[in-house]
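S.K.: There's a structure below that I have some questions on.
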Amino acid sequence: MKYDDTIEYLFGLQWHGIKLGLDNPRELLRRLGNPEQGVTYAHVAGTNGKGSTASMLSAMLTASGRRTGLFTSPHLVSFTERISIDGVRITEQEVVSLASEVMAAARGMTPTFFEVVTAMGLLYFRRNEVDCAVIETGMGGRLDATNVIEPEVAVITPIGLDHAEFLGSTIEEVAAEKAGIIKPGARLVCAPQNPGAMAVIEKKAHEAGVSLHLEGREFGAENIERNSLGVEFDYSCGTGTIKRLSLPMRGEYQARNASLSIRAFELMARGLDEDIIRGALAGARWPGRLELVADNPPVHIDGAHNPAAAEALAAELKAEGLEGRLTLVMGVMSDKDAEGIMKPLLPLARQVFFTRAAYGRAATTAYLADKARGLGYNGNITEAGGVADALGAARSLSSPVLVAGSFYTAGEAMVALGAKSVLGRLGEAVPDSREING
């Protein structure tokens with residue numbers, strides 16, 4: 001098959017839905033010769049900040065001379081964003097070849113999209129003889145397809161309520177699922193959590209005999225300062241302090257994500273190498289997270305798709321003096337907490353263009369507009385249809401633009417600004433598709 005046909009086929013597997021559990025992934029990997037074995041892993045779970053943290057840790061490991069794989073989800077524009085080695089994405093031809101091999105091994109099974117993609121990533125890393133790999137969970141942790149690995153370090157970023165239909169309706173239930181990546185023999189690096197979530201994580205770590213390295217206690221980012229490019233901060237831990245690290249990623253929370261990645265790297269590398277850490281962070285990039293993607297007028301894109309992410313985004317934009325000045329382009333998936341996402345962002349906007357990404361579970365613009373009015377928003381509201389049209393209309397008004405509410409919306413906005421993708425067509429082809437994040 002050609003690449004576009006392969007991607008369409010893979011996304012067609014979403015008809016099988018989301019099936020949490022490890023029997024299918026383990027059987028599929030067994031048929032492939034257990035490619036997950038023989039690699040040193042870091043496993044990253046949480047609700048927000050997973051991708052950024054995983055990316056920064058991967059960059060540090062690569063800079064230390066280790067051949068390093070990185071597996072993340074979802075992607076913004078191209079499927080190839082999900083799988084990379086030493087910062088170089090998998091090629092389209094390699095995607096075609098791996099997908100064919102994995103699906104051949106899966107004959108007689110009904111694997112989900114994410115199970116197949118996870119197997120592709122693990123097989124790719126083993127074939128290319130990586131020394132280590134940083135693996136981001138898709139959803140949860142305990143029953144996530146990625147939980148077939150045995151990590152040297154487990155990392156848990158901030159946990160919030162999301163995917164309630166799969167992970168539970170309380171923070172404790174969600175934390176229990178995320179904490180499923182904690183296994184005997186690993187070390188745990190953890191962000192501060194809601195007290196209920198923290199109690200669950202501490203109990204799991206104790207049961208597994210795992211040492212807990214808690215941000216703000218054993219290590220942390222201090223003296224965080226925003227600048228025109230991103231943030232600067234000091235990193236402090238029991239073995240020393242690294243002064244004025246520069247990170248070209250906006251948001252105070254990114255300094256905290258960076259501190260998680262530094263601690264994980266310190267544990268995996270058996271030491272704190274300032275030159276490696278400083279260099280890796282200075283070159284760090286993670287698209288679609290409070291990213292300035294255009295000028296005249298400025299266009300900021302953030303995939304914030306849950307209330308906690310929206311609140312963090314709003315706090316940063318306020319700190320940058322953008323409150324009340326923005327034109328908001330918002331599209332949200334119908335299974336997300338639209339009101340919770342809107343509530344912190346609407347006060348920043350003088351007007352809103354509601355849009356609908358080309359995916360079956362995207363909420364309608366009428367639904368979003370009704371939610372906004374119900375929250376008391378009295379600015380201008382436009383139901384704009386597709387993301388490209390909404391973005392074009394918003395940019396014509398010359399005020400700063402924020403695109404937010406979903407990684408799908410963010411990705412389509414990036415395509416409208418010139419990035420290449422085949423996914424607009426595929427989303428229409430799978431009207432009830434369900435990707436794990438977004």
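The values are calculated or read from the model by the stated rules, or taken from the named source; none is laboratory data. Fair warning: this is a prediction, and the values are worked out from it, not measured in the lab. Reconstructed Cβ throughout: ideal geometry from the backbone, glycine too, with neighbour counts over all protein chains shown. What goes into the accessible areas is simple: the full protein's heavy atoms, side chains included, and nothing from ligands, DNA or RNA. Shrake-Rupley method; radii C 1.70, N 1.55, O 1.52, S 1.80 Å.
S.K.: Based on this model, can you work out whether residue 173 counts as among the acidic types (Asp, Glu) and outside any loop (DSSP other than H, G, I, E, B)? Please lay out each step first, then the result.
M.R.: Working: among the acidic types (Asp, Glu): yes; outside any loop (DSSP other than H, G, I, E, B): yes.
The answer is yes for residue 173.
S.K.: Somewhere in segment 360-371, is a residue among the β-branched types (Val, Ile, Thr), more than 19 Å from the chain's Cα centre (by Cα) and closer than 20 Å to residue 308 by Cα?
M.R.: Going through segment 360-371, the residues among the β-branched types (Val, Ile, Thr) turn out to be 364-365.
Applying the additional criterion that residues be more than 19 Å from the chain's Cα centre (by Cα) yields 364-365.
Pick out the ones that are also closer than 20 Å to residue 308 by Cα and you get none.
Checked against the condition, which is being among the β-branched types (Val, Ile, Thr), more than 19 Å from the chain's Cα centre (by Cα) and closer than 20 Å to residue 308 by Cα, segment 360-371 yields no hits at all.
S.K.: Would you point out which residue out of 390, 349 is buried (at least 24 other Cβ atoms within 10 Å of the Cβ) and under 28 Å from residue 72 (Cβ atoms)?
M.R.: Among 390, 349, only 390 is buried (at least 24 other Cβ atoms within 10 Å of the Cβ) and under 28 Å from residue 72 (Cβ atoms).
S.K.: While we're looking at this one, here's another question. Would you call residue 272 more than 24 Å from residue 81 (Cβ to Cβ) and assigned to a loop (DSSP other than H, G, I, E, B)? Steps first, answer last, please.
M.R.: Values: more than 24 Å from residue 81 (Cβ to Cβ): yes; assigned to a loop (DSSP other than H, G, I, E, B): yes.
Answer is yes for this residue.
S.K.: So, one more: May I ask you to verify whether residue 8 is buried (at least 19 other Cβ atoms within 10 Å of the Cβ), part of a helix (DSSP H, G or I) and among the charged types (D, E, K, R)?
M.R.: When the stated conditions are applied, residue 8 does not pass them.
S.K.: Mind checking which pairs have a first residue in segment 288-313 that is of a type in the set (Asp, Glu) and a second that is open to solvent by less than 10 Å² (accessible area, probe 1.4 Å) and in a helix (DSSP H, G or I), Cβ under 6 Å, 6 or more apart or different chains?
M.R.: Once the first residue is of a type in the set (Asp, Glu) and sits in segment 288-313, its partners that are open to solvent by less than 10 Å² (accessible area, probe 1.4 Å) and in a helix (DSSP H, G or I) give 302/313.
S.K.: Continuing with the same structure: May I ask you to list the residues in segment 305-324 that are farther than 20 Å from residue 229 by Cα and either of a type outside the set (A, V, I, L, M, F, W, C) or part of a loop (DSSP other than H, G, I, E, B) (or both)?
M.R.: 305, 306, 307, 311, 324 - these are the residues of segment 305-324 that are farther than 20 Å from residue 229 by Cα and either of a type outside the set (A, V, I, L, M, F, W, C) or part of a loop (DSSP other than H, G, I, E, B) (or both).
S.K.: For residue 155, only one of the following conditions fails: (1) open to solvent by 20 Å² or more (accessible area, probe 1.4 Å); (2) modelled with pLDDT of 95 or more; (3) not polar (S, T, N, Q). What is its number?
M.R.: Of (1) open to solvent by 20 Å² or more (accessible area, probe 1.4 Å); (2) modelled with pLDDT of 95 or more; (3) not polar (S, T, N, Q), only one is false for residue 155: (1).
S.K.: Now a separate question. If only one of 121, 141, 160 is in contact with a strand residue (DSSP E or B) (Cβ under 9 Å, 6 or more places away or on another chain) and at pLDDT below 95, which one is it? If you could, list the steps in order and put the result at the bottom.
M.R.: Values: 121 fails: at pLDDT below 95; 160 fails: in contact with a strand residue (DSSP E or B) (Cβ under 9 Å, 6 or more places away or on another chain).
Result: 141 is the single residue among 121, 141, 160 that is in contact with a strand residue (DSSP E or B) (Cβ under 9 Å, 6 or more places away or on another chain) and at pLDDT below 95.
S.K.: Could you run through segment 185-198 and say how many residues are open to solvent by less than 60 Å² (accessible area, probe 1.4 Å), closer than 25 Å to residue 286 by Cα and either of a type outside the set (S, T, N, Q) or touching a Gly at 6+ places or on another chain (Cβ under 7 Å) (or both)? Talk me through it step by step, then tell me what you get.
M.R.: Of segment 185-198, the ones open to solvent by less than 60 Å² (accessible area, probe 1.4 Å) are 186-191, 193, 196-198.
Right, trim to closer than 25 Å to residue 286 by Cα and you get 188-191, 193.
Add one more test, that the residue is either of a type outside the set (S, T, N, Q) or touching a Gly at 6+ places or on another chain (Cβ under 7 Å) (or both), and what stays is 188-191.
Final tally of qualifying residues: 4.
S.K.: Which of the residues that make up segment 199-233 are open to solvent by 20 Å² or more (accessible area, probe 1.4 Å), out of contact with any Phe, Trp or Tyr (no Cβ under 9 Å at 6 or more places or on another chain), closer than 21 Å to residue 252 by Cβ and not charged (D, E, K, R)?
M.R.: Listed by number, the residues that qualify are 214, 216, 227, 228, 229.
S.K.: Looking for something modelled with pLDDT under 95 and either among the basic types (Lys, Arg) or touching a strand residue (DSSP E or B) at 6+ places or on another chain (Cβ under 8 Å) (or both) - is there at least one such residue anywhere in segment 68-78?
M.R.: Residues of segment 68-78 that are modelled with pLDDT under 95, as a first pass: 73-78.
Among the residues that remain, those that are also either among the basic types (Lys, Arg) or touching a strand residue (DSSP E or B) at 6+ places or on another chain (Cβ under 8 Å) (or both) are: 73, 78.
Yes - at least one qualifying residue is present in segment 68-78.
S.K.: How many residues does segment 217-252 hold that are within 15 Å of residue 49 (Cα to Cα) and out of contact with any Asp or Glu (no Cβ under 8 Å at 6 or more places or on another chain)?
M.R.: 1
S.K.: Turning to a different aspect of this structure: Looking at the structure I just gave you, is residue 207 among the acidic types (Asp, Glu) and under 25 Å from residue 235 (Cα atoms)? Spell out how you get there, then give the answer.
M.R.: Values: among the acidic types (Asp, Glu): yes; under 25 Å from residue 235 (Cα atoms): no.
In short, no.
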